[in-house]
1. Of all residues being at pLDDT 95 or above and of a type in the set (S, T, N, Q) in region 31-49, which is nearest to residue 149 (Cα to Cα)? Just the residue, please.
2. I'm checking my understanding of the structure. Among residues of region 144-177 that are hydroxyl-bearing (Ser, Thr, Tyr) and in contact with a helix residue (DSSP H, G or I) (Cβ under 6 Å, 6 or more places away or on another chain), which one is surrounded by the fewest Cβ atoms within 10 Å (Cβ to Cβ)?
3. The conditions are (1) out of contact with any Asp or Glu (no Cβ under 9 Å at 6 or more places or on another chain); (2) modelled with pLDDT under 95; (3) within 17 Å of residue 128 (Cα to Cα); (4) open to solvent by 20 Å² or more (accessible area, probe 1.4 Å), and residue 64 fails exactly one of them. Which is it?
4. Kindly provide the set of residues from region 152-168 that are closer than 18 Å to residue 100 by Cβ and among the aliphatic types (A, V, I, L, M), ordered by number.
5. Only one of these conditions is not met by residue 59: (1) more than 12 Å from the chain's Cα centre (by Cα); (2) modelled with pLDDT under 95; (3) open to solvent by less than 10 Å² (accessible area, probe 1.4 Å). Which number is it?
6. Cβ-Cβ below 6 Å, separation at least six or inter-chain, first residue in region 161-175 and in contact (Cβ under 8 Å) with a residue 40 or more places away in the chain, second in a loop (DSSP other than H, G, I, E, B) and open to solvent by less than 30 Å² (accessible area, probe 1.4 Å): which pairs?
7. Being assigned to a helix (DSSP H, G or I) and either within 19 Å of residue 136 (Cα to Cα) or in contact with a helix residue (DSSP H, G or I) (Cβ under 7 Å, 6 or more places away or on another chain) (or both) is the filter here; which residues of region 8-52 pass it?
8. Scanning for something within 21 Å of residue 41 (Cα to Cα) and in contact with a Gly (Cβ under 9 Å, 6 or more places away or on another chain), does region 115-124 turn up at least one residue?
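The values are calculated or read from the model by the stated rules, or taken from the named source; none is laboratory data. What you see is a predicted model, and the numbers here were worked out from it, not measured in a lab. As a convention, Cβ positions derive from the backbone with ideal geometry for all residues, glycine included, and neighbour counts pool all protein chains shown. For accessibility, only protein heavy atoms count, side chains too; no ligands or nucleic acids. Shrake-Rupley method; radii C 1.70, N 1.55, O 1.52, S 1.80 Å.
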Amino acid sequence: QLAGDRWTYREGEFVISGILLKPEGKGPFPAVLISHGLGGSAESFGLTKAREMVNWGFVCIAHSYTHSVGPPGNRPGAPRAGPPPNAANGGQQPADYGASAENLRRARTCLDLVGRMQDVDSNRLFAYGHSMGGFVTIGLAATAPERLRAAAITGSGIAPAEGFPAPSAAMAERVRTPF
């Protein structure tokens, strides 16, 4: 469901929403999935980057990941539920942050949605992520390499082992997408 530059997707209990901007003119256009970092959202980070990238000729899609400013149902800007990282929990973020299975599902869904749009060239899909959104971008490139033509990250990287929001070095070794 699209209303202006906001969208919502529902499939049973699975619901995600975000922003979508398209360039002026006739497509097909390339598209980019924009992934925000910790505490960001589709409406803050995603929309800001989309306003820039749409001028480059990209259809831009973004949504709010599990490491957003708050869980679904909370007012925008509300702190996320769950324990913050600290010495007692080894500095670990919650398991659904970053390149978690849930966030990778959300990212693949965004690519599916934008790739089916009439004005989008489904052979020219890209991904950009910052910080934890970069973790998602690396994980997406590792788990769905055939989906992306290229990807870019800022302020991000990999972890030495499984169990972190960042993808492991072993997972990153599977990346074949140009970065």
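1. 35
2. Going through region 144-177, the residues hydroxyl-bearing (Ser, Thr, Tyr) turn out to be 154, 156, 168, 177.
Narrowing further to those that are in contact with a helix residue (DSSP H, G or I) (Cβ under 6 Å, 6 or more places away or on another chain): 156, 177.
On the way: 156: 22, 177: 20.
Ranking the qualifying residues of region 144-177, first place goes to 177.
3. That leaves (1) as the condition not met.
4. Step one: list which residues in region 152-168 are closer than 18 Å to residue 100 by Cβ, which gives 153, 156-168.
Of everything in region 152-168, those that are closer than 18 Å to residue 100 by Cβ and among the aliphatic types (A, V, I, L, M) turn out to be 153, 158, 159, 161, 166.
5. Evaluating residue 59 over (1) more than 12 Å from the chain's Cα centre (by Cα); (2) modelled with pLDDT under 95; (3) open to solvent by less than 10 Å² (accessible area, probe 1.4 Å) leaves (2) as the failure.
6. That search, which allows pairs on different chains as well, returns 165/97; 165/98; 166/98; 167/99.
7. Result: 42, 43, 44, 45, 46, 47, 48, 49, 50.
8. Just the residues of region 115-124 that are within 21 Å of residue 41 (Cα to Cα), to begin with: none.
Checked against the condition, which is being within 21 Å of residue 41 (Cα to Cα) and in contact with a Gly (Cβ under 9 Å, 6 or more places away or on another chain), region 115-124 yields no hits at all.
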